[in-house]
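The values are calculated or read from the model by the stated rules, or taken from the named source; none is laboratory data. This is a predicted model, so every value here is computed, not measured. Glycine gets a Cβ as well: all are built from the backbone with ideal geometry, and neighbour counts include every protein chain shown. Keep in mind that these areas ignore ligands, DNA and RNA; they rest on the heavy atoms of the full protein, side chains included. Shrake-Rupley method; radii C 1.70, N 1.55, O 1.52, S 1.80 Å.
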Amino acid sequence: MYSVSCRRLCKTFQQGELAVHALADVDLDIDAGGFVCLFGPSGSGKTTLLNMIGGLDTPSSGEITVAGQRIDQMKRAELARLRLKHLGFVFQSYNLIPVLSARENVEFVAQMQGMGAQQRKHKALTILAEVGLQGLEDRRPAELSGGQQQRVAVARAIVSGPELVLADEPTANLDSATAEILMKLFVQLNQQHQTTFVLSTHDNLIMNYARRLIKLRDGRIVEDIDQT
Amino acid sequence: MQTPFLMLSTIAWRNLWRNYRRTLIMLLAISVGVWAMIWMTALMRGMVDQMIKGSINNLLGHIQIHAPAYRDDPSIVNSIEPPGPELTDSLNRPLIKAWTSRIRVPAVISSERESRGVTLVGIDPAAEAALSFLSESITQGSNLASADAPGVVIGRKLAERLETRLGKRIVLVSQDSDNTVVDRGFRITGIFEAELQTTELAYAFVGRDRAQEFLNMADQVSEISLISDDYRNLTHLLENIQATAPDLEVISWDQVDPYTGSMLAVMDGFILVWIIVVFLALSFGLVNTLAMAVFERKRELGLLQALGMQPGYILLQVLIESVILLLLGLLAGNLLAWLSIVPIQDGIDLSAIGEGLELAGMSSILYPVVEFSDIARANLVVIVLGILASLLPALRAARHVPVDAITRP
């Protein structure tokens, strides 16, 4: 069963009179429980593809199916519901809510899902401990280092046990030691919970952890490598 | 999915204090605006209240009872019998603070030098004391001692016009109940000064019994006048009195004097306009503050959507922020208004600047009047229109496309 399926996916940005094809006829299937890494030079379409899969952006044409649902024709509210129930995001620049503490940032998604106060607090503290942030739960993002913020973002992405985690260059702002801890955490989640991971990166470290590598160039898939 | 109301409120509250200077300035603007609404309204209400009370005190009363044709022809032929037992019982109920019956007919007053048209008012001074200005306005001589006292009390200006003075005799000429012209001499036993010169020129007061005798009216009277606790709420009282006097016209002060009555309605409208004008000035600041807050947090708002928050909740979050701001501003504004009204409850002396106030029927001491409905209206306008004004930035926030917001540099 596929977690993600794209058919003839196109995304064209209009820059004045110039049409820029960020994605061109992308066909892609990602198995449930897969660990996939998108790589390629800047401007190759990695982030655009992740945004499409996550329903953050709409395709110019083509079809996308995520968690068994066609998302290319969904309305904004339906997409938001899908993201809440099935997806977890890790962004390159952390993107935490600055007025909430680390624990509150992690609890936020769980609360929107309707998890009870005690349960989500316990879960948030457990996951923060798993990502090595025990004792820092009540700090706000501004009081955390870049690596710590990214770990909070990871904890937030996985707290509700999503089927699919999308991570856009998650280690770009991390030192190699922290990046390695993060990747091991991803692998552990992937293996224990069969969570599907789709990551974009330039980082060889991440590529080493991935079981499947997809190379993009000029909006097209040019290589699809199975590393199992 | 539950509404994460508590979390949204937490975020909204903390967001407000991220730029505390901007929030404090906006709070100051709202509270000063609310203060201005309530404080000015209290003064304006006080002004109108004084004008109305002045008119009521000027022989108007809260309710008058006449013969049905009296208002069209206020002459002796439209007199009424004194109140019977049933009407007297009705007039003596606790709700009515005081009542009296009067003679009120047109007459001519003449001194040895001048003549003028006046309204001859026959009063029972003891009962009249609680209803009208006369007993407190005597500046020379004394008030009539009783309903059958022999003298006449006139205004200072009328005495000047007639070129007469206290102790001198004047002649009153009128028509009696047989339409015969009658005249009688009265000695001036008292001179009064009123807030308005027109009042001083308008009336000549004699004892009611003397007037009845002079005009051959037996024990008939022109009107019954009464005052209750509140000149605003008379409907129930009017109905009750009308039930006991079905053949008479029972009308409230604003029907007797529609000009003064219209002041209340005009003031209600004016206060609403004033509140809305102040709010409009406020709303620009409010909308600007929220619009800036939304613009600055475009990335975060996009993030919330990316995490799965419904666009409606984004809108709700901005509105909660606005409501918190408005509620805090209202709280401070109401408190400020209370603090500024309490010290002037005993009145503000406007005599230094208010010579013209007398012309408007007001005294030089202005007493603020705070009505719950005015406070409620000011608060309601601010909260309802404030939320409506906040909808624009809130809708903009909810319409952000997540990817645009998140990738915003």
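All conditions in (1) at the interface with chain B (Cβ under 8 Å from one of its Cβ atoms); (2) of a type outside the set (Lys, Arg); (3) over 30 Å from A:Glu223 (Cα atoms); (4) open to solvent by less than 50 Å² (accessible area, probe 1.4 Å) hold for A:Asn51, with the sole exception of (3). Inside the range A:96-108, residues that are assigned to a helix (DSSP H, G or I) and open to solvent by 10 Å² or more (accessible area, probe 1.4 Å) make up a count of 3.
Within the range B:296-320, the set of residues being at the interface with chain A (Cβ under 7 Å from one of its Cβ atoms) and open to solvent by less than 10 Å² (accessible area, probe 1.4 Å) comprises B:Leu303, B:Gln305, B:Ala306, B:Gly308, B:Met309. Reported count of residues in the range B:62-109, each being more than 29 Å from the chain's Cα centre (by Cα), among the charged types (D, E, K, R) and closer than 23 Å to B:Phe205 by Cβ, is 2. For residues in the range A:76-95 being in a loop (DSSP other than H, G, I, E, B) and more than 8 Å from every other protein chain (Cβ to nearest Cβ), which is surrounded by the fewest Cβ atoms within 10 Å (Cβ to Cβ)? Among those residues, the one meeting the criterion is A:Ser93. Within the range A:167-219, the set of residues being of a type in the set (Gly, Ala, Ser) and within 17 Å of the chain's Cα centre (by Cα) comprises A:Ala167, A:Ala172, A:Ala179, A:Ser200, A:Ala210. Across the range B:88-100, the qualifying residues are those that are open to solvent by 10 Å² or more (accessible area, probe 1.4 Å) and assigned to a strand (DSSP E or B), and the one among them that is nearest to B:Gly122 (Cα to Cα) is B:Trp99.
Looking across the range A:192-210, the residues that are in a loop (DSSP other than H, G, I, E, B) and either within 21 Å of A:Cys10 (Cα to Cα) or open to solvent by 80 Å² or more (accessible area, probe 1.4 Å) (or both) come down to A:Gln194, A:His202. Listed conditions (1) within 14 Å of another protein chain (Cβ to nearest Cβ); (2) closer than 29 Å to A:Leu205 by Cβ; (3) among the hydroxyl-bearing types (Ser, Thr, Tyr) are all met by A:Ser44, apart from (1).
Listed here are the residues, each with its yes/no results for (1) assigned to a helix (DSSP H, G or I); (2) open to solvent by 60 Å² or more (accessible area, probe 1.4 Å).
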position: B:Met7; (1), (2): yes, no
position: B:Thr10; (1), (2): yes, no
position: B:Asn15; (1), (2): yes, no
position: B:Arg18; (1), (2): no, yes
position: B:Arg21; (1), (2): yes, yes
position: B:Met26; (1), (2): yes, no
position: B:Val32; (1), (2): yes, yes
position: B:Met37; (1), (2): yes, no
position: B:Arg45; (1), (2): yes, no
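Residue count for the range A:54-75, restricted to those that are open to solvent by 50 Å² or more (accessible area, probe 1.4 Å), over 15 Å from A:Gly219 (Cα atoms) and touching a strand residue (DSSP E or B) at 6+ places or on another chain (Cβ under 8 Å): 2. Of the strands (runs of 3 or more DSSP E) lying entirely inside the range B:151-198, those containing at least 3 residues that are open to solvent by 10 Å² or more (accessible area, probe 1.4 Å) are B:169-175, B:181-192. Taken over the range B:212-229, the criterion of being of a type outside the set (A, V, I, L, M, F, W, C) and crowded, with 23+ Cβ neighbours inside 10 Å is satisfied by B:Ser222, B:Glu223, B:Ser225. Among the residues here, B:Ser75 does not qualify as farther than 18 Å from B:Gly122 by Cα, touching a residue at least 40 places away in the same chain (Cβ under 8 Å) and among the small types (Gly, Ala, Ser).
Total residues in the range A:101-116 satisfying the condition of being within 7 Å of chain B (Cβ to nearest Cβ) and at negative phi: the figure is 5. In this structure, is B:Ile103 modelled with pLDDT of 90 or more, part of a strand (DSSP E or B) and in contact with a Gly (Cβ under 9 Å, 6 or more places away or on another chain)? Here the answer is yes, as B:Ile103 does meet what is asked.
In the range A:122-134, the residues that are closer than 20 Å to A:Val187 by Cα reach residues that are outside any helix (DSSP H, G or I) and open to solvent by 70 Å² or more (accessible area, probe 1.4 Å) with C-beta atoms within less than 7 angstrom, at least six apart or across chains, in these pairs: A:Leu128/A:Gln134.
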